[in-house]
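Reviewing the structure listed below.
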Ligand code: AGP
C-alpha cells in the first residue's frame, strides 16, 4: 500500500523525505515523489520504480524547505508511471494520497466540465482538482481558513478511503492532512510536526505520536497541530509515547529483514509473554494482556477474523482455546465474514488478528461485529492502529516492528497472544484447575528457549533448499494444529519464492489431492510425535507407495521417520502444546532459503504489500 510522509518545521532537505519513504518501502510500491514549498512556489520531483530512481533527481529539489510531502505509490488507478506518481498538483494545491476514491469517475466528469485538465490516470488527481475548486469558492478568511473550509467541503464529497497529505503555495508554513479508512499518524518534536502512514517512518525523529482517526482533518504547524472533524468540530486527544527504536528497524547484520525477523521468533514470543503470566499467583494478568474490560466469564462463543498469515495463527489457536477454555471458536477469513449475515450477540467475543492493525477486510469485519453487538478485541502488533481503535479492547503482540512483507515473528507472537487469551478464558470460566493453568503457563514460558534451538536448523535447511528451488509445486500436510502450520508454510513458500504450493489437512489426501502424487511431487509432511503421529505416518506411506517424495518435519532422532523420508528436518523434543511453534520455524526458514536461491526480492516480494489497506 502507498506510503505517505509530511513535514513542517524549521527546515528539512530532500534526504529527510527520501529516508522516511525508505522506512515505508516495506508497504510495497512502484513509483515515488516528493514536493517541497519554495520561496517562489513549489518543487516537485517524481520517478517510476524504486526510490533509487527518485534519488537521482533530488538535486533538482531545494536543499531545504519548511514544508514538504513525500509518497511511495502502490498503483490502484493508472499504471505505475512517473506521470501517475504522486504528488499531484492543481493550482496552488499539491496533494498525495493513500487509498482509493470510489466515486472518482463522476467527480472527474464534473471537474472536466468545469474546465480542469487532467494529466494523469489517477483518482488522486481528482482530489487535487476538487480541493482546488472548493478553495476557489471560499471568498473570506485567511488562506489557511479558506483551505480548511475547502478541505471540509471536498472530503464530504468523496467515497472510499483516503489519507491525504496537502501543501499549498498560499500557506507556506502549514501542512494539512485528512483521513478516512487509510492509516495516518502525526508526530510532534520540538519545533517540528510530521505526518506518516506508519510510525516506522518517524521513530528516528520523535516518539510522540497521535493516531488520526476516521473523519478527521489535521492542520500541522511547526509548534503544534489542530484536529477537527469533517464537520469542523474541534477534536482533542493526547499524544502517546511509543517504545520502538531505530535499531529495532535496522537489519542488524542480517542479509534480509525477513531472516532477522525469523531469528526474532524467540524474543517476539518472550516479549508477548512478558508481564502477562503471574507465576507466583498462577494467574494471567488480564490488564496487561489488554482484556480486563471484557466480560470473559460470560462469553458463550468466540469468533476470530483475520487474513493471510494472521488467519493461520487464528486457526492454530482454535485448537488450544477450545481444548482448555471449552468454548466454541469459529475462525473466519475477514474478507468473507464481513459480507455474511451476522449472528453475534453481547456474549460473543470477536477477535481481529492483524500484524499491521490496518488490513481493510479485517477492519470492516470487526466493525460489522461491533455494530451487531459483539464484544471486540484487537490482537495487533502496531500500537494504536486503526483496528485497535475500532475495538473495545486491544491486546498487543509485542513482536516489535516487522518490516519484511512476509510475516514471520508476528505469526509466533500472534499465536502466543491467542494462547494467553485461551488461558485467560479458561481462568475466568474456571474450565482449568490451578494445577492445569500453572502447568500450561510453565509450558508457554519454555517456548522462547526451545524455538531458539530450532533456529539452529537454519544452516542445514539452507543446504536442503538447493534441492527444491527448481520445483514447480509442493504440497504441505499436517493434522490437528499442524494443519494451520502447513497452511502457513505453503503461504510463505508461495509469497517468497513464487513456487506454487498447497496445504491440506492430512486426512483430506484420500479425498482428492492424492491424485496429484507421482514421482514429480514432493510433500512436506509435519509429523512431530503428537496424538496424530501414527495416522500421519500412514499418510506418508500412502504417498511413498505412489512414488511421491517426502520432506518430513518431525522430532529429531525419530528413526522411523528418518527412514521413510527422502529429506528430514528434526526439531527438538517438546510437548504437543509447543510443537506448532517448533515446526513453524523450519517452514519459515525453508521458504526463506528457497527464495534466496531463486533470487527473488525476499523483503518485498512482487505484487505484495505489507499492509493491505485497500479492499
Ligand atoms: C503474510 O506473510 C502476508 N504478508 C499476508 O498474508 C498478511 O499476513 C495479511 O495481509 C494480513 O496482514 P495483517 O496481519 O497486517 O492484517
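The numbers here are math on the coordinates, done by the rules we state, and not lab data. For clarity, every value in this text was computed on a predicted model and none was experimentally measured. All Cβ positions, even for glycine, are placed from backbone atoms using ideal geometry, and neighbour counts span all protein chains on display.
Okay, here's what the table says:
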{"read-out": "Between 0 and 90°, nearest 10: helix 104-113 axis offset from the chain longest Cα axis", "value": "20 degrees"}
{"read-out": "Segment 213-313: C-alpha gyration tensor shape, a/c 1.5 cut-off, then a/b vs b/c", "value": "oblate"}
{"read-out": "Helix 409-429 axis, angle to the chain major axis (alpha carbon atoms, nearest 10°)", "value": "70 degrees"}
{"read-out": "Centroid-to-centroid separation of segment 135-152 and segment 491-539 [C-alpha atoms, Å]", "value": "62 Å"}
{"read-out": "Alpha-carbon centroid distance for the pair segment 320-391 / segment 240-289, whole angstrom", "value": "23 Å"}
{"read-out": "Most to least packed among 428-435, 518-525, 364-371 [average Cβ atoms within 10 Å]", "value": "364-371, 518-525, 428-435"}
{"read-out": "Nearest-0.05 FRET efficiency for residue 15 and residue 231, computed from C-beta distance (R0 41 Å)", "value": "0.60"}
{"read-out": "Principal-axis tilt of helix 143-155 within the chain, Cα atoms, nearest 10 degrees", "value": "50 degrees"}
{"read-out": "Protection proxy ranking of 320-333, 397-410, 348-361, 287-300 - average other beta-carbon atoms within 10 Å, highest first", "value": "348-361, 397-410, 320-333, 287-300"}
{"read-out": "Reference-scaled alpha-carbon Rg (2.2 N^0.38 Å with N residues) for segment 201-257", "value": "1.54"}
{"read-out": "Global geometry of segment 27-149, whether rounded, prolate or oblate, following the gyration tensor of its Cα atoms and the 1.5 cut on a/c", "value": "oblate"}
{"read-out": "Calculated FRET value between residue 531 and residue 615, using beta carbons and R₀ = 25 Å, to 0.05", "value": "0.05"}
{"read-out": "Square roots of five times the Cα gyration tensor eigenvalues for the chain, Å", "value": "46, 27, 21"}
{"read-out": "Label-reachable residues, segment 526-555, where backbone N falls under 15 Å from a point 7 Å from residue 518's Cα toward its Cβ", "value": "546-549"}
{"read-out": "Estimated FRET transfer efficiency (residue 137, residue 64; beta-carbon r; R0 45 Å; 0.05)", "value": "0.85"}
{"read-out": "Packing-based order for 565-574, 483-492, 5-14, using average beta carbon neighbours within 10 Å, highest first", "value": "483-492, 5-14, 565-574"}
{"read-out": "Full-stretch length increase - residue 326, residue 343 - with 0.36 nm per residue and alpha-carbon distance subtracted", "value": "4.1 nm"}
{"read-out": "Residue 607 versus residue 106: modelled label distance in nm, points set 7 Å from Cα along the beta carbon direction", "value": "3.3 nm"}
{"read-out": "Ascending count of other beta-carbon atoms within 10 Å, so fewest first, for 219, 36", "value": "219, 36"}
{"read-out": "Per-residue [θ]222 nm for the chain (sum of -39500 (n - 2.57) over DSSP H runs n ≥ 4, rounded to 500)", "value": "-10500 deg cm²/dmol"}
{"read-out": "Fully extended contour minus Cα-Cα distance, from residue 336 to residue 157, at 0.36 nm per residue", "value": "61.6 nm"}
{"read-out": "Label-point separation in nm, residue 204 to residue 573, each point 7 Å along Cα→Cβ", "value": "4.9 nm"}
{"read-out": "Under 11 Å from the residue 510 label point (7 Å along Cα→beta-carbon), backbone N, segment 527-546", "value": "539"}
{"read-out": "Cα gyration tensor category, rounded, prolate or oblate, for segment 134-213 with a/c compared to 1.5", "value": "oblate"}
